[in-house]
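The values are calculated or read from the model by the stated rules, or taken from the named source; none is laboratory data. What you are looking at is a predicted structure, and each value in this text was computed from that prediction instead of being measured. We place every Cβ from the backbone using ideal geometry, glycine too, and count neighbours over all the protein chains shown. Surface areas here come from the heavy atoms of the whole protein model, side chains and all, with no ligands, DNA or RNA. Shrake-Rupley method; radii C 1.70, N 1.55, O 1.52, S 1.80 Å.
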Amino acid sequence: MTMQGDRHGRLRVVAIADADSFVKWSAALIDSAPSVDPHLVLVQTPLVVSVAQEHAALAGTGIRPEAVTRVAYNELPGWLATDRPDVVVIAGRGPFVRLVMRQIDRVAPRPVVVSGLPGMSIPAQRGAALYRRHCDLMVLHSKRELRAFRQLAGRLGVTMRFGLATLPFARPAAEATGGTDLVFAAQAIVPREPEERRQLAELLRAAALADPTRRVVLKLRSRPELGEVETHFERTELTDLLRDRPDNLVFSHEPMSRALETAEGLVTVSSTAAIEAMAMGVPVIALTTFGVSKTYLNTVFSGSGVQGSAEDVIARRFRHPHPGWLADNYFHDPSESTWWSDVERLVDTRRRGVLAPRFVPTARGGALHEAWQRKAVLGFEERSLLGAVALAVGAPLVWGILTARKVLGRRGAESWSDDGSDITVTPARYQDPIVRPRRSVLATVID
């Protein structure tokens, strides 16, 4: 088979993803690579994006609708064997990456395998590294992240290659021109506790009431009423807490780039939308009301100059980041980005037969454990009898392990989760173990 990429001297690059933030990240990443023939494959899981979410994720990229294919998990090896990509970018939560890697292990010729995370990755987390350690390259987005993940890999005793890329959807764009909206970037699990989310809802209400002539825009990423889901499960939905709201407090599902065009400033606890806003010259408040800790994924903003209180939000005292912080965090010189040259070298090395494949080893527990891993990611899409057995056996065990981890965490077991470092070696309590209990018979995922 002759590839289109070969005919035009371009590498064939395929991104494989499911959930909204990962689709947006991977599409923008492969679109940023020079001289490639890009394609996006969406795997059917309980988290897969709707068509509307897909279109929002692709907004601003050059990826055409006909360059998107939806497949079932079991169809992946055949699709890859026919398409024969040079490079595959796996974009999903850790268990999804591992599962797709198992399918790639069945494909010949084998593509170069790249993975990464869809936004800010400070703190560098144990699971993020271990799930991706069998990929050929892991893409990171700041000098600070490179230092943190190299330190983490060393502590874990794993060998990994890291490449630096500019955060793809935070490339400088036409700057916003005098908008008046206060845009709040909603997150499903930050903050997590119901009382904290109620406080957040009241803060948005207060900001709207403080100036009825200007809008407060709650920027959302899914419409549950349409069956849309997100990467993480929102247990206490902000929209439910804001059913009774001022007229100038509005909900928006448009792409973040479009919402920022009319923004006076952006507010977030820890969303990567802050970086997108900074790239457009929109000032930011990184909210510190709930604290600054790894629990809230906001230690990355320490020293940035954009941290602020609830009072700052109500008064709309937005800030621009310090130049020194920008250089170390997501705004390095583009000439320092190495990821694509790293990929090209890996492709050349593999074609010459001297790049050994990094196969995913058989899971401890054998076929039953691997069936559990499939069930954890695929939910109802995994219909095998072995998957049903694995669910029946594994679910009680998992809940026991999670309970034990919680107890141990309270006793100080998270020795490397201190907020003074950029790494988290032991499992962090804030990592979301829920797949989608409303959409899947499986509610828990663990490594």
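Annotations
- Residues in segment 44-70 that are open to solvent by less than 10 Å² (accessible area, probe 1.4 Å) and in contact with a strand residue (DSSP E or B) (Cβ under 6 Å, 6 or more places away or on another chain): 67 only.
- Test: residue in segment 135-158 that is within 15 Å of residue 358 (Cβ to Cβ) and open to solvent by 10 Å² or more (accessible area, probe 1.4 Å): yes
- The set of residues in segment 128-146 that are part of a loop (DSSP other than H, G, I, E, B) and either touching a strand residue (DSSP E or B) at 6+ places or on another chain (Cβ under 9 Å) or among the β-branched types (Val, Ile, Thr) (or both) comprises 132, 134, 135, 136, 141, 142.
- You will find that of 311, 264, the residue that is modelled with pLDDT of 95 or more, crowded, with 17+ Cβ neighbours inside 10 Å, over 23 Å from the mean Cα position of the chain (by Cα) and acidic (Asp, Glu) is 264 and no other.
- Per-region count, segment 187-211, residues closer than 26 Å to residue 118 by Cα and open to solvent by 60 Å² or more (accessible area, probe 1.4 Å): 1
Condition check ((1) loosely packed, with under 14 Cβ neighbours inside 10 Å; (2) touching a residue at least 12 places away in the same chain (Cβ under 8 Å)) across all residues:
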| site | (1), (2) |
| --- | --- |
| 317 | yes, yes |
| 321 | no, yes |
| 326 | no, yes |
| 330 | no, yes |
| 333 | yes, no |
| 343 | no, yes |
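- Against the numbered list (1) in contact with a Phe, Trp or Tyr (Cβ under 9 Å, 6 or more places away or on another chain); (2) over 24 Å from residue 166 (Cα atoms); (3) open to solvent by less than 40 Å² (accessible area, probe 1.4 Å), residue 269 comes up short only at (2).
- From the list 11, 42, 29, the one residue that fits, being at pLDDT 95 or above and more than 20 Å from the chain's Cα centre (by Cα), is 11.
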